[in-house]
Amino acid sequence: MKVKSEARSNIALVKYWGKRDPHLNLPAAGSVSMTLSGLTTLTELEFVDAATDVFVLNGTTLQGKGAAKLSAFIDRIRKASGTDLKVQMTSENNFPTAAGLASSASGFAALAVASAAAAGLELSEQQLSVLARQGSGSASRSIPGGFVHWHRGQLADGTDSFAESVAPPNHWNLTCLVLVTVRGEKDVPSTLGMNHTMASSPFYQAWVDSVAADIDEALAAIESKDFDRLADVAERSCLAMHASALAAKPGVLYWNAKTVDLIHRVRSLRAQGTPCFFTIDAGPHVKVFCESEHAPRLQAAFQEDPNVLEIIMASPGEGARLVNP
Ligand code: PMV
């Protein structure tokens, strides 16, 4: 049976940086995110009697490591459903992949939903989150919609490390402006960057120790829709994550000059009276959050900014799901 699924990317407000188990993608600490309406992966998949799996992403057939990673993910489904059929998948992102924006979160979330359904497995949202997590940690957070908490969990098998929604998309009218600063720049992949930070940064343990309190703070800010409180904790979490990476040996620096300029720009717009904050992942792009009433003003400001090549606008999005099930 051919099935179609869709999933959206997400941006962390309290970051995930470091694994307590690299094979199961179990995080050293929890994290908090918002699922994004504007950045969607659509995946079509079926199990067929063929010699190999075939994965086509944005029109290109994956080879080598990329294909092997997806086959290893599908092996989990094959094991759980007792099949040895192969997969034929096509997947499209509606956002520019060449911009270097992470698509693994929406990609693995869509793949988890489609492959489980095509194999006839009936998984709960929690089980789908655990499954997606094993493809890419942050993909666990793209299974639920709206505002999301990914639990660190305690168990060695990872069954208690899943993400769940703490508030639906319509809870809070936030806008996220994704400011693309450069095209096609090769970053240090997040897994490499976090493993290297963990192995060599004297700030790593301090980072891990700081996360639980930031999660409590972010969840309280989301619940009470306290924008200034969320701004404080989100910027702090982002800067602390990058500080731990910067202190690794050698240091991992994800920012370019435009990234730094935009950090100052966001802070000066805020000082001038437009409530907004930034966050940055394992790359040079800057994501700016605001309450939606301020989005047009910020959009106009960043359209004029020479540091910004493109702006992608997103708001709180729905969780991953089958399309026309
Ligand atoms: O899930 P991964 O392996 O792509 O790691 C994501 C890491 C960050 O984007 C930097 C932080 C986060 O919490 O999303």
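Values as computed for the structure displayed
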quantity	calculated
Crossing angle, helix 257-271 versus the chain [Cα axis fit, 0-90 degrees, rounded to tens]	60 degrees
In range of the label at Ala213: residues from the range 229-256 whose backbone nitrogen is under 20 Å from the point 7 Å along Cα→Cβ	229-245
Computed label-point distance, nm, for sites Asn170 and Val182 using a 7 Å Cα→Cβ extension	4.2 nm
Net lengthening on full extension, Ser71/Lys249 (0.36 nm per residue, minus Cα-Cα)	60.8 nm
Net +/- balance of residues flanking Leu24 in space, Cβ distance below 13 Å, scoring K and R +1, D and E -1	+2
Inter-probe distance in nm under a simple model that places probes 7 Å from Cα toward Cβ, at Asp305 and Asp226	2.7 nm
Estimated translational D of the range 139-284 in µm²/s (Stokes, Kirkwood radius over Cα pairs; 37 °C; 0.692 mPa s)	194 µm²/s
The range 219-325 shape via C-alpha gyration tensor axes, a/c threshold 1.5	rounded
Cα-projected label distance for Val260 with Ala206, points at 7 Å along beta-carbon direction, nm	2.0 nm
Ellipsoid semi-axes in whole angstrom, largest first, where each is sqrt(5λ) of the Cα gyration tensor of the chain	31, 21, 19
17 Å tail of the calculated P(r), the range 195-255, as % of Cα pairs	43 percent
Gyration tensor (alpha-carbon) shape descriptor, the range 1-71, a/c threshold 1.5	oblate
Where no second cysteine Cβ lies under 4.7 Å, the cysteines concerned in the chain	Cys176, Cys238
Under 13 Å, Cβ to Cβ, from Pro144 - net charge with Lys/Arg +1 and Asp/Glu -1	+1
Net +/- balance of residues flanking Gly283 in space, Cβ distance below 9 Å, scoring K and R +1, D and E -1	-3
³J(HN,Hα), Karplus 6.51/-1.76/1.60, whole Hz, each residue of the range 231-236, x for Gly, Pro	4, 4, 6, 5, 5, 5
Angle between the chain longest axis and helix 204-223 axis [Cα atoms, degrees, rounded to 10]	80 degrees
Overall form of the range 79-165 per C-alpha gyration tensor (a/c, 1.5; a/b vs b/c)	oblate
Degrees, to the nearest 10: 64-81 long Cα axis against longest axis of the chain	60 degrees
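Each reported figure results from applying straightforward, stated rules to the coordinates on display, with no laboratory input. Keep in mind it's a predicted model, so treat the numbers as computed, not measured. Note that we place each Cβ from the backbone using ideal geometry, even for glycine, and neighbour counts take in every protein chain shown.
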